[in-house]
Amino acid sequence: MFDPSAYIHGPFLYLLSKDENEGLRLIHTLTNAATDRWYEDARRVSLDEQNSLHEHFLTLLPIKLNLPFGEREFWGDVQVYCLYRGGMTYNGPHAVMCALMALEVWMEKQIENDRDVEELFETVLKGSNSVAVLGICISLTLAYPQKCLRGRLKR
């Protein structure tokens, strides 16, 4: 159902359009669960390497950001970060990739319709612990620099 990954698969874009809170809740639940799974897998590999006396092992650290609505931690590596791009760089859970692609399309429409970007990013980032969602916000900031940065430049 979700393969190949595309924003039109699943209920994600429809749900975001009809009930933003429920759509975000669903996408955050899926994405956070996938990120938690990544963390557990990466932690297990790191512990196995430590126990095998390898010289190099992975230290898992979050990205900590002080955002206008408080400090947030985001977890993941480059593979988690790229989940919203689908199979281009990482073949992750297709349902999660579809959900993130739909989130990106929905956010793009919100920005094009002149929604307050700071409020939009806060709404989207508040429920997430994944660098994948942070990646979407970064991507949209690069795609719409005038709209995304104008609020920051006025202060």
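Brief remarks on what is shown
- Virtual spin-label span in nm between ASN66 and ILE8, 7 Å along Cα→Cβ: 4.6 nm
- Sequence-distant lysines (8 or more away, or on other chains) whose Cα lies within less than 21 Å of LYS147: LYS109, LYS126
- LYS18 paired with ASP77, simple spin-label distance in nm, labels 7 Å along Cα-to-beta-carbon: 3.9 nm
- Highest average packing first - 13-21, 104-112, 65-73, Cβ atoms within 10 Å: 104-112, 13-21, 65-73
- Going by neighbour counts of Cβ atoms within 10 Å, the residues CYS98, CYS82 line up, fewest first, as CYS82, CYS98.
FYI, it's all coordinate maths here, none of it is from the lab. On a predicted model such as this, the values are computed, not experimentally measured, just so you know. Positions of Cβ are generated from backbone atoms using ideal geometry, with glycine treated the same way; all protein chains shown enter the neighbour counts.
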